[in-house]
Structure formats: C-alpha cells, structure tokens
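**Student:** Quick one: the structure is below, questions incoming.
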Amino acid sequence: GVRIRLQSSNLFKPGEANLNPSSFVGLGKLAIILKNSNRPVIVEGHTDNQVFNGTGDIKSNWELGALRATTVVR
C-alpha cells in the first residue's frame, strides 16, 4: 500500500472543516490518481492538540476531525 499524508494547515484554517480554496486543485489531481488506481482508499481526519473551545456547530476535536475527513472525501 501507499500512505499519503497531507498537512492539515495547508487544507484547513484552525478549528474549521471547510477546505481552503487553494487546496482544491491539488486534491482534485490526487483524486484522479486514486480513482484511476482502482484500489481502496481510507481517509482519516485529524486535528491539532489544542483544546477545542466548542463554539459554533462543531463541539469537539473528534467531531472536527470527522468533518474534515468527510470534506476531503467529498
């Protein structure tokens, strides 16, 4: 297998699950390569180790990581 790690700070602002507009081109190219590989893909979402303040719709770092993974898959 192959493991690809992407720095979250290049994809997201701290505490947010919306992709930075500048990340779409790179993720799009990566998506084409992965789709053409015809192999299973696992996407994991992570956050930093800062205490999450729980404001807004996102209530925890766990939820933020899950939302980030979902955002990348979409």
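The values are calculated or read from the model by the stated rules, or taken from the named source; none is laboratory data. Source: prediction; values computed, not measured. For neighbour counting, all protein chains shown are included, and Cβ atoms are generated from backbone atoms with ideal geometry for every residue, glycine included. Note: accessible area is taken over every heavy atom of the protein model, side chains too, but ligands, DNA and RNA are not part of it. Shrake-Rupley method; radii C 1.70, N 1.55, O 1.52, S 1.80 Å.
**Student:** Tell me, what is the percent relative contact order of the chain, built from C-alpha pairs under 8 Å that lie six or more residues apart? Show your work: numbers first, answer last.
**Tutor:** Values: 58 pairs, mean separation 23.6, N = 74.
Computed over the chain, the figure is 32 percent.
**Student:** Still on this model: Name the long-range amide H neighbours of residue 12: under 5 Å, sequence gap of 5 or more, or other chain; modelled H, no Pro or chain starts.
**Tutor:** Placed amide hydrogens put 20 under 5 Å from residue 12.
**Student:** Given the options 60, 25, 45, identify the residue whose Cα lies farthest towards the positive end of the charge dipole of the chain (+1 on Cβ of Lys, Arg; -1 on Cβ of Asp, Glu).
**Tutor:** The Cα lying farthest towards the positive end belongs to 25.
**Student:** I would also like to ask the following. Using a 1.4 Å probe on the protein chains only, how many percent of the accessible area of the chain belongs to carbon and sulfur?
**Tutor:** Values: 3310 of 6210 Å².
Answer for the chain is 53 percent, counting heavy atoms of protein chains only.
**Student:** I would also like to ask the following. For the pair residue 42/residue 10, report the inter-label distance in nm, with labels modelled 7 Å from Cα in the Cβ direction.
**Tutor:** With each label placed 7 Å out from Cα toward Cβ, I get 2.2 nm.
**Student:** When the Kirkwood radius is taken over all Cα pairs of the chain, what Stokes-Einstein diffusion coefficient follows at 10 °C and 1.306 mPa s, in µm²/s? All intermediate terms of the calculation are to be shown ahead of the outcome.
**Tutor:** Details: Rh = 13.3 Å.
Taking Rh from Cα pairs, D becomes 120 µm²/s.
**Student:** Could you size up the charge dipole of the chain around its Cα centre, putting +1 on the beta carbon of Lys and Arg and -1 on that of Asp and Glu, and report it in debye to the nearest 20?
**Tutor:** Working: 9 positive and 5 negative charges, 78 e Å.
Computed charge dipole of the chain: roughly 380 debye.
**Student:** Per residue, how much accessible surface does the chain expose to a 1.4 Å probe? Answer in Å², no decimals.
**Tutor:** Details: 6210 Å² over 74 residues.
For the chain, the per-residue accessible area is 84 Å².
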